[in-house]
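Have a look at the structure below, then the notes.
What follows is calculated from the coordinates using simple rules that are stated; it is not laboratory data. Fair warning: this is a prediction, and the values are worked out from it, not measured in the lab. As a convention, Cβ positions derive from the backbone with ideal geometry for all residues, glycine included, and neighbour counts pool all protein chains shown.
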Amino acid sequence: MLILIAGPYRSGTGDDPEKMKANLKRLEQPSHELFKAGHVPMIGEWVALPVWNAAGGKAVGDDLYEEIFHPVAGRLLELCDGVLRLEGESKGADNDVRIARERGIPVWYRLEDVPGCAGAA
């Protein structure tokens, strides 16, 4: 399955690049376990950041940022088979969960609940 990993990226960082980098690393943590279970992990920022940079993005939260980041997740959810929602406050991740539920896409809150990931740490 293609599984979107959703959780805080920008939320709670005050747009501090180092905090955002740490959040991305946290989002990436379950990716190897998902991969080992036969899934393809996906994180919206993996798509949105290069698109934003190629479009000339300059400042987190600018108009271009807003035009790209949240729509990327919506488009990815048209392709995803599930969402792994990590802990932490995030309006974007909450929106991903809302969209997934509206589309009948399963949402998991623990890695071990994802099919094939039983016993994952």
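Counting only helical runs of four or more DSSP H residues, what would the 222 nm mean residue ellipticity of the chain come to if each run contributes -39,500 (n - 2.57) and the total is spread over all its residues?
Computed mean residue ellipticity for the chain: -14000 deg cm²/dmol.
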- request: Note the angle between two axes, namely the Cα long axis of helix 91-102 and the longest principal axis of the Cα atoms of the chain, as a number of degrees from 0 to 90, rounded to the nearest 10.
  value: 50 degrees
field: trypsin sites (Lys or Arg not before Pro) restricted to segment 66-121 and DSSP loop, no more than 14 other C-beta within 10 Å
entry: Arg103, Arg110
query: What full-extension length gain, to one decimal in nm, is calculated for Lys91 and Asn53 as 0.36 nm per residue of separation minus the Cα-Cα distance?
result: 11.4 nm
message: Among Leu84, His39, Ala118, which residue has its Cα furthest toward the positive end of the charge dipole of the chain, with +1 on Lys/Arg Cβ and -1 on Asp/Glu Cβ?
response: Ala118
- prompt: Which value, in debye to the nearest 20, describes the size of the charge dipole of the chain about its Cα centre when Lys and Arg Cβ atoms bear +1, Asp and Glu Cβ atoms bear -1, and nothing else is charged?
  reply: 220 debye
query: Using a basic spin-label model with each label point 7 Å from the Cα along Cα→Cβ, how many nm lie between Phe35 and Asp63?
result: 3.9 nm
statement: Low-density loop GluC sites (Glu not before Pro), segment 6-92, at most 10 other Cβ within 10 Å, DSSP non-H/G/I/E/B, are Glu78, Glu89
- prompt: What percent does the relative contact order of the chain come to when contacts are Cα pairs within less than 8 Å and at least six residues apart?
  reply: 34 percent
query: Does anyone have the angle between helix 63-77 and the longest principal axis of the chain? Alpha-carbon axes, 0 to 90°, nearest 10?
result: 20 degrees
